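Asker: Below is one structure. I have some questions about it.
The values are calculated or read from the model by the stated rules, or taken from the named source; none is laboratory data. Here the structure is a predicted model, which means the values were calculated and not measured. Ideal geometry is used to build each Cβ from the backbone, glycine not excepted, and the neighbour counts take in all protein chains shown. The accessibility values were calculated without ligands, DNA or RNA, using every heavy atom of the protein model including side chains. Shrake-Rupley method; radii C 1.70, N 1.55, O 1.52, S 1.80 Å.
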Amino acid sequence: MSTKITVKGNAKDKAKTVGRRRFLKAATATAAGATAAIAFPQVSRAQTVTLKMQGAWGASDIFNEMAMEYVNRVDAMAGGRLKIDYLVSGAVVKAFQVQDAVSEGVLDAGHQVTAYWYGKNKAASLFGTGPVFGQNAHHMLAWIYQGGGLDYYHELVQKILGLNLVGFFAMPMPTQPLGWFKKRITSVDDLKGLKYRTVGLATDIMQAVGAKVTQLPGGEIVPAFEKGVIDAFEYNNPTSDSRFGAQDVSKVYMLGSYHQAAEFFEIIFNKTKFDSLPKEHRAILRYSAEAASTSNFNTAMENYSKDLRKLIDKDGVKVYRTPQSVMSAQLKAWDTVLARLTKDPFFNKVVESQKAFAHRVAFYSLLNSADYKLAFEHYFPGELGF
C-alpha cells in the first residue's frame, strides 16, 4: 500500500523548492568532483611520448631480453604515457655506432656497454671493465650511484667528449670468463702470441700478458674464429656464448679472470630529448634502470647456471678454472697499464675514487662474507675441482 504525498503551496513556494533542489544537486556534483581529484592526485597529465632505443646485441642474445626488462618497467611505471620502441643491433646502426647515433639524435636511446666506445677515451672502461682492487660488480655499481661515479661518467661524456648524452647503469654482471680456447690454459705462457678477442681496457690487460688482441662485436666472433682471424675469445657469459654458438667451434671454456671482473649495461639517452621530457618521465627513465638491475641479475642467475650445465652435460664442453698464476699475471698487467694511463688527470681521479671506495667496501665485505666455497664443498664435495 502506498501513500501519495501532496505538497501544497503557492507558486512562490514552489519556485523556492525547485531552486533549492538545483543548488543541492550542483553542490553534490562539485563535491564528487573534488573527492575524485583528492582520490587520484598522482594521475599523469603528461603527453604520451615514444622513444626509439637500439641495443648493441645480436638478435639471439639474452641481453635483448634484459633490455626489454628495462623497457617493460618504464612502460608499467609510466602507465603507458612513456613508451620505448626497442630494436636489436643493426636495425638502425651497428653495435659500435650506438653511442654516436644517440648523441646525434638518430636514435633517442641506446642499450650497450661503455667498453664499446673505449676507443674515444680509455676512461670509458672505468665504468665497466676497470681494475680490480678486491671489489665485485655489486660494489662498483654502488660506487656509480653512491660514490660519485655517475658524476664522473657525465663529466667524461658531456664535458670531455662533448657528447649530447645522459646515461644510467644497470646489472652488476658476474665475472666474465677468460673465454674459449683450442686447448686448456695452464699457465700465462699459453696466452703468449694468441690472437684473442676482447674489448675495452681488457685489450690492454691481455696484451700485457702476451696475447694479440682484436676487438669485435659479439656477432662477428664465431666467423672470425672459424676463419682463423682469432685463436681464442671471450664474450660475456655461458648463455650469451652458447646462443651464438661458441660451443660449436671450441670445447675448452676457462672460467674466472681479472680482465673484465665487473661490468654493467649503459642505458643512454639523447640529452636534448631527455631534458625535454616532463620531470616525472625523466625520473621513471632513471629509476627503472635500478629496478631492471635487480631483474637482470635474477635473469642472469637462472639462465647462466642452467646453460653452463648444458654446455657441460649436452655439448661436451670441458670447463676449467683459470689458474691462479694467470690471474696473478693479470693483476701485474693492471699495475703496468694503470701506471701508464693514470698520467691522464681525469683517468687518475676516477681510478683514485674507485680505489678508495673499493678499499673501504671490499674490506668490509671480505671480512664479513661467509666462506661460500666451504659451504658448497660441504654439501657437494668434489664437484668444483679446484
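Asker: Can you tell me which of (1) in contact with a Leu (Cβ under 6 Å, 6 or more places away or on another chain); (2) within 28 Å of Ser288 (Cα to Cα) is the one Phe169 doesn't meet?
Answerer: So the condition that Phe169 fails would be (1).
Asker: What are the pairs with Cβ atoms under 9 angstrom where one residue, in segment 300-325, is on the phi > 0 side of the Ramachandran plot and the other, located anywhere, is modelled with pLDDT of 95 or more? Sequence gap at least six, or different chains.
Answerer: Listed by first residue and then by second, the contacts come to Gly316/Gln247; Gly316/Lys251.
Asker: Could I ask something else about it? Is it the case, given these coordinates, that Ser103 is more than 27 Å from Phe244 (Cβ to Cβ), hydroxyl-bearing (Ser, Thr, Tyr), open to solvent by less than 40 Å² (accessible area, probe 1.4 Å) and more than 15 Å from the chain's Cα centre (by Cα)?
Answerer: Here the answer is yes, as Ser103 does meet what is asked.
Condition check ((1) aliphatic (A, V, I, L, M); (2) closer than 9 Å to Gln54 by Cα; (3) out of contact with any helix residue (DSSP H, G or I) (no Cβ under 6 Å at 6 or more places or on another chain); (4) free of Cβ contacts under 8 Å to residues at least 60 places away in the same chain) across all residues:
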position	(1), (2), (3), (4)
Ala76	yes, no, yes, yes
Lys83	no, no, no, yes
Val93	yes, yes, no, yes
Phe96	no, no, no, no
Ser103	no, no, yes, no
Lys120	no, no, yes, yes
Leu126	yes, no, no, no
Gly130	no, no, yes, no
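Asker: Would you check if Tyr70 is buried (at least 21 other Cβ atoms within 10 Å of the Cβ) and either closer than 25 Å to Ser295 by Cβ or in contact (Cβ under 8 Å) with a residue 60 or more places away in the chain (or both)?
Answerer: It is true that Tyr70 is buried (at least 21 other Cβ atoms within 10 Å of the Cβ) and either closer than 25 Å to Ser295 by Cβ or in contact (Cβ under 8 Å) with a residue 60 or more places away in the chain (or both).
Asker: Looking at Tyr304, Tyr320, can you tell me which residue is within 20 Å of the chain's Cα centre (by Cα) and either open to solvent by 10 Å² or more (accessible area, probe 1.4 Å) or of a type in the set (Lys, Arg) (or both)?
Answerer: Tyr304
Asker: Please state which of the following conditions His281 fails to meet, knowing it meets all the rest: (1) without any contact (Cβ under 8 Å) to a residue 12 or more places away in the chain; (2) over 22 Å from Thr129 (Cβ atoms).
Answerer: Here His281 clears every test but (1).
Asker: Mind listing just one residue for me: the one in segment 106-116 that is within 30 Å of Glu352 (Cβ to Cβ) and at pLDDT 95 or above and, of those, surrounded by the fewest Cβ atoms within 10 Å (Cβ to Cβ)?
Answerer: Ranking the candidates gives Gln112 first.
Asker: Can you name the residue in segment 274-294 that is polar (S, T, N, Q) and open to solvent by less than 20 Å² (accessible area, probe 1.4 Å) and is also nearest to the chain's Cα centre (by Cα) among such residues?
Answerer: Ser293
Asker: Residues in segment 177-199: is at least one free of Cβ contacts under 8 Å to residues at least 40 places away in the same chain, more than 19 Å from Arg340 (Cβ to Cβ) and open to solvent by less than 30 Å² (accessible area, probe 1.4 Å)?
Answerer: yes
Asker: Next question, about the same structure. Just checking, which of Phe386, Phe297, Phe346, Phe357 is of a type outside the set (Lys, Arg) and more than 22 Å from Ala142 (Cβ to Cβ)?
Answerer: Residue meeting the stated conditions: Phe386.
Asker: Of everything in segment 330-343, what is open to solvent by less than 20 Å² (accessible area, probe 1.4 Å) and small (Gly, Ala, Ser)? Give them in sequence order.
Answerer: Within segment 330-343, just Ala333 meets the criteria.
Asker: Can Gly162 be described as open to solvent by 50 Å² or more (accessible area, probe 1.4 Å) and outside any helix (DSSP H, G or I)?
Answerer: yes
Asker: Please go through segment 372-386 and give me each residue that is surrounded by 10 or more Cβ atoms within 10 Å (Cβ to Cβ) and either at positive phi or part of a loop (DSSP other than H, G, I, E, B) (or both), ordered by number.
Answerer: Leu384, Phe386
Asker: Does segment 305-321 contain any residue that is farther than 28 Å from Asp248 by Cβ, out of contact with any strand residue (DSSP E or B) (no Cβ under 9 Å at 6 or more places or on another chain) and assigned to a helix (DSSP H, G or I)?
Answerer: No.
Asker: Another one. Could you check segment 238-254 and list, in sequence order, the residues that are of a type outside the set (Lys, Arg) and not in a helix (DSSP H, G or I)?
Answerer: Scanning segment 238-254 gives Phe244, Gly245, Ser250, Val252, Tyr253, Met254.
Asker: What residue, among those in segment 117-131 that are assigned to a loop (DSSP other than H, G, I, E, B) and open to solvent by less than 30 Å² (accessible area, probe 1.4 Å), is nearest to His359 (Cα to Cα)?
Answerer: If we take residues in segment 117-131 being assigned to a loop (DSSP other than H, G, I, E, B) and open to solvent by less than 30 Å² (accessible area, probe 1.4 Å), then Pro131 is nearest to His359 (Cα to Cα).
Asker: Considering Tyr235, Tyr258, which residue is open to solvent by 10 Å² or more (accessible area, probe 1.4 Å), closer than 25 Å to Ala101 by Cα and in a loop (DSSP other than H, G, I, E, B)?
Answerer: The conditions single out Tyr235.
Asker: Mind listing whichever residues of segment 191-220 are out of contact with any Gly (no Cβ under 9 Å at 6 or more places or on another chain) and either of a type in the set (Asp, Glu) or assigned to a helix (DSSP H, G or I) (or both)?
Answerer: Ala202, Thr203, Asp204, Ile205, Met206, Gln207, Ala208, Glu220, listed by residue number.
Asker: Which condition breaks for Phe269 when tested against (1) part of a helix (DSSP H, G or I); (2) open to solvent by less than 20 Å² (accessible area, probe 1.4 Å)?
Answerer: Failing condition for Phe269: (1).
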